Amino acid sequence: MKIAQVNLGLLPIPPNGWGAVEKIIWNYALKLRELGHEVEIPYLNEIKKNRYDLVHVHVWNHALELYKMGIPYIYTCHDHHVYLAGKESTIYQQNLLAMKCAELSIVPAKYLIEYFENIPIYLEHGVELSEFKINSNNIKPKLLCVGNNGLLGDQTFDRKGFRYAIESAKNLELDITVVGPTNVNKKFFEQNNDLLGDNVTVLYDLTDNELAKIYSEHDI
């Protein structure tokens, strides 16, 4: 099959050390190629009718553009805001519409199936076991929080719940490591330096190999 994994147009694919949905798209491409399929990662404006056997899209606005173009698609919802904002929110309604217009919709959490009117199916995000191994010998569980915090340049908005995670770690007297890109997370911690303490390690701009090693050294 000739398959398109639609490029979000935000970060490079393959990611150069950081990426969220971009990493998922890249891993889809790698595994589908291993299965013998021809996979491209085109931008939305590069997709034309009948060019691909299957088009897999990862954000609702791209999905609805494809629908307007008369191009069938598979849609995966990655946005946790659909649950946080609630069913009355615009983000939920747009994602629901993208699912209703899709040939198949996918969510990575089972509770989201009923939440989206039993339209999508559940498909978990897999882990590459050749890269990620558990090597923890910690006496007490060591916590890890990985994320690109803030939203559209606003670092006062704790989009990834760093405060919740760090304050929980302090209450439990556990060590926690926070990993993410400098261009967002550093400003967040400058504005929220009350979160920093002896039990908190903050790391920036790790490569994929460095991040895999950090995962292996933590428990939760």
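The values are calculated or read from the model by the stated rules, or taken from the named source; none is laboratory data. These numbers come from a predicted model, not from an experiment. FYI the Cβ positions are ideal-geometry reconstructions off the backbone, even for glycines, and counts take in every protein chain you see. Please note that ligands, DNA and RNA were not included when accessible areas were found on the heavy atoms of the full protein model with its side chains. Shrake-Rupley method; radii C 1.70, N 1.55, O 1.52, S 1.80 Å.
Restricting attention to the stretch 180-215, report how many residues are under 21 Å from Ser130 (Cβ atoms) and either at pLDDT below 90 or out of contact with any Ser or Thr (no Cβ under 9 Å at 6 or more places or on another chain) (or both).
Of the residues in the stretch 180-215, 9 are under 21 Å from Ser130 (Cβ atoms) and either at pLDDT below 90 or out of contact with any Ser or Thr (no Cβ under 9 Å at 6 or more places or on another chain) (or both).
Residues to consider are Leu64, Leu96; find the one that is open to solvent by 20 Å² or more (accessible area, probe 1.4 Å) and part of a helix (DSSP H, G or I). Give the derivation first.
Numbers: Leu96 fails: open to solvent by 20 Å² or more (accessible area, probe 1.4 Å).
Of the residues listed, the single one that is open to solvent by 20 Å² or more (accessible area, probe 1.4 Å) and part of a helix (DSSP H, G or I) is Leu64.
Pick out the one residue from Glu128, Glu124, Glu88, Glu114 that is over 21 Å from Tyr28 (Cβ atoms) and in a loop (DSSP other than H, G, I, E, B).
So the residue among Glu128, Glu124, Glu88, Glu114 that is over 21 Å from Tyr28 (Cβ atoms) and in a loop (DSSP other than H, G, I, E, B) is Glu88.
Restricting to the stretch 12-24, and then to whatever is in contact with a Lys or Arg (Cβ under 9 Å, 6 or more places away or on another chain) and closer than 18 Å to Leu44 by Cα, can you tell me which residue is least open to solvent (accessible area, probe 1.4 Å)?
As a first pass, look at the stretch 12-24 and keep what is in contact with a Lys or Arg (Cβ under 9 Å, 6 or more places away or on another chain): 13-15.
Next, from what is left, pick out any that are closer than 18 Å to Leu44 by Cα: 13-14.
Details: Ile13: 36, Pro14: 64 Å².
Looking at the filtered set, the residue picked out is Ile13.
Among the residues of the stretch 70-85 satisfying the criterion of being open to solvent by less than 50 Å² (accessible area, probe 1.4 Å), in a loop (DSSP other than H, G, I, E, B) and modelled with pLDDT of 95 or more, which is farthest from Ile47 (Cα to Cα)?
Cys77
Just checking, how many residues over the stretch 30-49 are aromatic (Phe, Trp, Tyr) and part of a strand (DSSP E or B)?
Here is the first cut: in the stretch 30-49, the ones aromatic (Phe, Trp, Tyr) are 43.
Adding the requirement that they be part of a strand (DSSP E or B) leaves none.
Of the residues in the stretch 30-49, 0 are aromatic (Phe, Trp, Tyr) and part of a strand (DSSP E or B).
Hey, can you tell me all the residues within the stretch 106-139 that are out of contact with any helix residue (DSSP H, G or I) (no Cβ under 9 Å at 6 or more places or on another chain) and open to solvent by 100 Å² or more (accessible area, probe 1.4 Å)?
The answer is Lys110, Glu114, Asn118, Glu124, Leu129, Asn137, Ile139.
Looking at this structure, is Asn171 open to solvent by 90 Å² or more (accessible area, probe 1.4 Å), farther than 21 Å from Asn16 by Cα and not in a helix (DSSP H, G or I)? Show your work before the answer.
Numbers: open to solvent by 90 Å² or more (accessible area, probe 1.4 Å): yes; farther than 21 Å from Asn16 by Cα: yes; not in a helix (DSSP H, G or I): no.
Criteria not met by Asn171.
Which one of these does Asp194 not meet: (1) open to solvent by less than 70 Å² (accessible area, probe 1.4 Å); (2) farther than 22 Å from Asn16 by Cβ; (3) out of contact with any Leu (no Cβ under 7 Å at 6 or more places or on another chain)?
The one condition Asp194 does not meet is (1).
Given the structure, is Asp158 out of contact with any strand residue (DSSP E or B) (no Cβ under 9 Å at 6 or more places or on another chain) and surrounded by 15 or more Cβ atoms within 10 Å (Cβ to Cβ)? I'd like the intermediate steps shown before the answer.
On the way: out of contact with any strand residue (DSSP E or B) (no Cβ under 9 Å at 6 or more places or on another chain): yes; surrounded by 15 or more Cβ atoms within 10 Å (Cβ to Cβ): yes.
When the stated conditions are applied, Asp158 passes them.
Give me the pairs, please: first residue somewhere in the stretch 197-208 and closer than 14 Å to Thr182 by Cα and of a type in the set (A, V, I, L, M), second residue anywhere and open to solvent by 60 Å² or more (accessible area, probe 1.4 Å) and assigned to a strand (DSSP E or B), beta-carbon distance under 8 Å, and either six or more positions apart or on two chains.
Here the result reads none, with nothing in the stretch 197-208 linked to a residue that is open to solvent by 60 Å² or more (accessible area, probe 1.4 Å) and assigned to a strand (DSSP E or B).
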